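Structure first, commentary second.
The values are calculated or read from the model by the stated rules, or taken from the named source; none is laboratory data. Since this is a predicted model, take the numbers as computed values, not measurements. Cβ sites come from the backbone with ideal geometry, for glycine too, and all protein chains shown count toward neighbours. Ligands, DNA and RNA are stripped out before the accessible areas are found, and what is left, the full protein with its side chains, is counted by its heavy atoms. Shrake-Rupley method; radii C 1.70, N 1.55, O 1.52, S 1.80 Å.
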Amino acid sequence: MTNKKYVYFFSEGDKSMKDLLGGKGANLAEMTRLGVPVPPGFTITTETCAEFHKTKKWPEGLDKELEKNIEMLEKAMDARFGDKIKPLLVSVRSGAAASMPGMMDTVLNLGINDETVQAIIRKSGNERFAWDSYRRFIQMFGDVDMGVEHKLFEEVLDKAKENKGVKYDTELDASDLKKVVTEYKQVVKKATGKDFPQDPREQLRLSINAIFNSWNNERAITYRKLNNITGLLGTAVNIQTMVFGNMGPTSGTGVCFSRNPSTGENHFYGEFLMNAQGEDVVAGIRTPLPISELKKTMHKQYAELVAIKDKLEKHYKDMQDMEFTIQEEKLYMLQTRNGKRTAHAAVRIAVEMVKEELIDEKTAILRVAPEQLDQLLHKTIDPAAKKKVKAIAKGLPASPGAAVGKIVFHAEHAVEMAEKGEKVVLVRTETSPEDIKGMHSAVGILTARGGMTSHAAVVARGMGKACVAGCSEIKVEEDAKKLTVGSLILKENDYITLDGSTGEVFHGQVGLMNPSLSGDFGTLMEWADKHRKLKVRTNGDTPTDAKVARGFGAEGIGLCRTEHMFFEGDRIKAVREMILSDSLEVRKKALAKLLPMQREDFTGLFTEMKGLPVTIRLLDPPLHEFLPHEEEDKKELAKELKVTLERVNAKCEELHEFNPMLGHRGCRLGIIFPEITEMQARAIFEAAVACEKKGIEVEPEVMVPLVGHVKELRLQKDIIVKVADDVMKESGKKIKYTVGTMIEVPRAALTADEIASEAEFFSFGTNDLTQMGLGLSRDDSGKFLPAYVDLGIYERDPFQALDQSGVGELMKIAIKKGRHVKEKLKCGICGEHGGEPSSVEFCHRIGLNYVSCSPYRIPIARLAAAQAVLRDKE
């Protein structure tokens, strides 16, 4: 017999028990403790869900605990399950430790049946309310617990409205709804072969199982994957006394936020519907009213709601997302949680809460998720372009940013088109949790129905996608693949532009512009910079890249890929001439043409970086990448260089490799063709001299790629040092420079002590180190890596987030061995992982000096580096 406790009455828990009771259960318990009006109830733990999935049955003792808590609830409410005079009705809701809005299931009005519906009519004196509650219960229970398609119920309801000639379900009377209940039962019988269950305890048991099972439904799994939610036991189940927002004109329900979740502005924000239940607001079936309207109709309840909102925000010290119901003028709170918010809102709320002395700077830094900052760098519609076009429709500005893409009407199609590289806007009457993959693949989302707190709005804000919701001017026909606005008909693949910040919809492609960052963003970054130890550099190849990166706070260039410069304009011609040459003399002649071009590139970079370190990687890719592949291009090259086509084809054949990633590239090119290294080194040092003469400080770091053996580095370093000495002698200028290497071959990591005897710095090229360390081709592994992540072989795609226990271990070995030889050896990272938050945190822990990433990820790396320090202290 186990002593484990599976069920907690709300009065037994508090907010610290989130892992056990789930976020919703822990917060319901906390609100109960604070004296907030919460309908009584109890929570079945996340551990119970885990055991249910393990054994496929309820754990021993759960039945008894459940019965005991039902009895406590009956006593608290002076009502009984299935009673013909005072029936108890409950809601059954999911709630994991991490917020997953709308991803799992909910059942309302449980306990209603053919007998209790009559008791509700007698007790409430409101026949319409009773039949409305019953039809809602059959619809939700049938869908969630019995697997009956939601649309089969919707068809019955739509037909009832059509027959009566009305638009809204609130316009159906008691006799209409009674008929709907009868037809709903027939729908269940036809779809399942079973009668709709009448026993409340059977209803409860089936609902608990359905909630447990919803933990592993496709949309919940997808949401956890997209948001990197791992390590949770399962979902808790909250069973709570029903309160009714659909009892008539003095009842209602709503969702509200203590601050604006889109902008972060400190004003009460939310929506409500009178004579409705909660799912009407979030499902987007009826478009709700702004919360300010409640003040006009129910002043007392509005004032009470504002007081509770203020109390909860002060208590949790964070912006709260709350659900409430008013039952015949009495206010009840059904949920509070830290609200999902856009990046703009997250930054503003964090900074303003410090100014309000609600939180300190450190808490503010930890409050903003680094990856969320990506949203701040989103494009917006260019005001000049916007003046030239007229919006075809306007909805609610549900999630900021702008999106231009081809219209698609189905989530699956959005995924398919996005995989082909198309930018798409998902257009739906309303979205549901099943659409999550399509929403993730789309650049923007447009819905005809739904409010600012509808599913589309909440999910889009979390993903940082532009979203216009509740655009009632448009008619969406998904099956006909048609969107109609007045006389304008748009079809699949037609372009539209969304402005998620204003709610406007435009036909065609409207020009976008890069974002400007707010003062709050600058404040947060200043705070982050005070705490972080890691320097943050950029991967940049041009002065333009360098300028953008400096604007985002880059402290140097951690990777300049010189080969990118070779593809521009006339340069490629000189590169190809060099490759096709048969003698050293001709090769040097071609390289002499490249020298001034490379020198100009480096001068531009040094000038823009104004004395900050610039790490220049010598030529890395195999030479065949610079030759044409198409027959027509080969003919043109032969004509340009005055050589035969056979010569071009022969050279292409000669340079062909079966595995070029492990072939003749990197330092291997410089060793076989030392004249390439000589030209690049001369360009670097001549550029440095030119800058020094203009009074511009320079700090070039020359990086030799793909070193696997210390002798490779030594050979290349000898050339670099000789050229540097020559240039300094010729110019009479002294240049401070360093020579180092990329650690991207596993052998280099394992022999880092030998390599450190020659290298003055290490830079981890984690893209190649991951390929070679894991034996995975970055170009080909995409076919099976997603399945590996799904199966849990890798927690995340190792090319997106650093494989800390494998590749990370090679890095630790290299640092330890390298610094054993040179105690102050500078070590950094320049792979794509340098801007990924969990990888940045790892780089901090293992003692790197800097990370380097693409310009637009610099703010993410700066914040992640600061959070790593603060978490260390915790």
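Across all directions of projection, what mean area in square nanometres is found for the Cα convex hull of the chain?
41.9
I need the P(r) histogram for segment 12-165: all alpha carbon pairs, bin width 10 Å from 0 out to the longest distance, whole percents.
Each 10 Å bin holds this share of Cα pairs: 10, 29, 36, 20, 5, 0.
Is segment 744-874 best put as rounded, prolate or oblate by its Cα gyration tensor, with a ≥ b ≥ c the root eigenvalues, rounded for a/c under 1.5, and otherwise prolate when a/b is larger than b/c, oblate when not?
oblate
Taking a probe of 1.4 angstrom, what is the accessible area of residue 19 in Å², to the nearest 10?
Surface accessible to solvent at residue 19 totals approximately 110 Å².
For residue 98 and residue 597 in the same chain, what is the full-extension length gain: residue separation times 0.36 nm, less their Cα-Cα distance, in nm?
So the chain would gain 174.3 nm between residue 98 and residue 597.
Go through segment 480-491 residue by residue and turn each phi into a ³J(HN,Hα) via Karplus (6.51, -1.76, 1.60, θ = phi - 60°); whole Hz please, and just put x for glycine and proline.
Per-residue couplings from phi come out as 7, 6, 9, 10, 10, 10, x, 8, 7, 10, 10, 10 Hz.
Stretched out fully, how many nm does the piece from residue 151 to residue 661 gain, at 0.36 nm a residue minus the Cα gap?
178.4 nm
Just the accessible area per residue of segment 739-859, please: how many Å² with a 1.4 Å probe?
Dividing the accessible area of segment 739-859 by its residue count gives 40 Å².
Assign unit charges at the C-beta atoms only (+1 for Lys and Arg, -1 for Asp and Glu), then state the dipole size of segment 73-151 relative to its Cα centre in Debye, rounded to the nearest 20.
Dipole of segment 73-151, to the nearest 20 debye: 280 debye.
Spin-label point model (7 Å from Cα, Cβ direction): what's the residue 292 to residue 589 distance in nm?
Spacing of the two 7 Å Cα→Cβ label points: 7.7 nm.
Taking the Cα centre as origin and putting +1 on Lys and Arg beta-carbons and -1 on Asp and Glu beta-carbons, what dipole magnitude results for the chain, to the nearest 20 debye?
Value, rounded to 20: 1340 debye.
Name the shape class, rounded, prolate or oblate, that the alpha-carbon gyration tensor gives for segment 633-739, where a ≥ b ≥ c are the square roots of its eigenvalues, rounded holds for a/c under 1.5, and otherwise prolate holds if a/b is larger than b/c and oblate otherwise.
oblate
Please find the FRET efficiency linking residue 230 to residue 642, where r is the Cβ-Cβ separation and R0 is fixed at 51 Å, and quote it to the nearest 0.05.
For R0 = 51 Å, the calculated efficiency reads 0.25.
Would you rank 178, 423, 717 by solvent-accessible area, highest first, keeping every protein chain in place and using a 1.4 Å probe?
These residues rank, largest area first, as 423, 178, 717.
Which trypsin sites (Lys or Arg not before Pro) in segment 630-684 sit in a loop by DSSP (not H, G, I, E or B) and have at most 16 other Cβ atoms within 10 Å of their own Cβ?
Sparse-neighbourhood loop trypsin sites (Lys or Arg not before Pro): 642.
Would you list 585, 30 from the most to the least accessible area, probe 1.4 Å?
Result, largest first: 585, 30.
Given the chain, what percent of its DSSP beta bridges are antiparallel, to the nearest 5?
Antiparallel bridges: around 60 percent, rounded to the nearest 5.
Can you give the accessible area of residue 636 in Å² (nearest 10), computed on protein heavy atoms with a 1.4 Å probe?
Roughly 110 Å² of residue 636 is accessible to a 1.4 Å probe.
How big is Rg to Rh over segment 96-145, alpha-carbon atoms, Rh as the Kirkwood inverse-mean-distance radius?
Rg/Rh for segment 96-145 comes to 1.13.
Multiply the residue gap between residue 630 and residue 821 by 0.36 nm, knock off their C-alpha separation, and tell me the result in nm, one decimal place.
Net length gain for the segment: 63.8 nm.
So what's Rg/Rh here for segment 425-542, counting alpha carbon atoms and using the Kirkwood radius for Rh?
Reported Rg/Rh, Kirkwood definition of Rh: 1.11.
Using the Karplus equation 6.51 cos²θ - 1.76 cosθ + 1.60 (θ = phi - 60°), what ³J(HN,Hα) coupling, rounded to whole Hz, does each residue of segment 856-868 give in order, writing x for Gly and Pro?
Once rounded to whole Hz, the list reads 6, 9, 4, x, 4, 5, 4, 5, 4, 5, 5, 5, 4.
Just how far, in whole angstrom, is segment 661-736 from segment 517-574 if you go by their alpha carbon centroids?
With segment 517-574 and segment 661-736 each reduced to a Cα centre, they are spaced 22 Å.
Are there chymotrypsin sites (Phe, Trp or Tyr not before Pro) in segment 404-508 that DSSP marks as loop and that have at most 15 other Cβ atoms within 10 Å, and which are they?
For chymotrypsin sites (Phe, Trp or Tyr not before Pro) across segment 404-508 that sit outside H, G, I, E and B with at most 15 neighbouring Cβ atoms in 10 Å, the list is empty.
Would you mind checking which residues have amide H under 5 Å from residue 265's amide H? H placed 1.01 Å from N; only 5 or more apart, or other chain.
Counting only residues 5 or more places away or on other chains, the set is 260.
Within the set of other residues whose C-beta is less than 13 Å from the C-beta of residue 472, count the net charge using Lys and Arg as +1 and Asp and Glu as -1.
That sum, taken over residues with Cβ under 13 Å, equals +3.
What list of ³J(HN,Hα) couplings, whole Hz, do you get for segment 777-784 from phi and the Karplus terms 6.51, -1.76, 1.60, once you set θ to phi - 60° and write x for glycine and proline?
Once rounded to whole Hz, the list reads 8, 4, 7, 10, 6, x, 5, 10.
List, in the order given, every pair from 57/189; 4/54; 588/651; 406/465; 588/722; 4/225 whose Cα-Cα distance in the structure shown is over 20 Å.
With Cα atoms farther than 20 Å apart: 57/189; 4/225.
For the charge dipole of the chain, defined by +1 on Lys and Arg C-beta atoms and -1 on Asp and Glu C-beta atoms about the Cα centroid, which residue among 198, 656, 757 has the Cα displaced farthest towards the positive pole?
Working it through, the farthest residue towards the positive pole turns out to be 757.
Can you sort 406, 437, 75, 533 by solvent-accessible area, 1.4 Å probe, largest first?
My answer, sorted largest first, is 75, 533, 437, 406.
Considering only DSSP beta bridges where both residues belong to segment 332-490, give the percentage that are antiparallel (nearest 5).
Bridges in segment 332-490 that DSSP calls antiparallel: roughly 50 percent.
According to the square roots a ≥ b ≥ c of the eigenvalues of the Cα gyration tensor, what is the shape class of segment 187-294, taking rounded for a/c under 1.5, prolate for a/b larger than b/c otherwise, and oblate for the remainder?
It is oblate, given that a/c is not under 1.5 and a/b is not larger than b/c.
In whole angstrom, note down how far apart the Cα centers of segment 205-242 and segment 844-874 are.
The two parts, judged by their Cα centres, are 33 Å apart.
Tell me, Kirkwood radius of segment 341-419 from alpha-carbon pair distances, in Å?
15.9
Nearest 20 debye, what's the magnitude of the dipole of segment 263-392 about its Cα centre given +1 on Lys and Arg Cβ and -1 on Asp and Glu Cβ?
Once rounded to the nearest 20, the dipole reads 560 debye.
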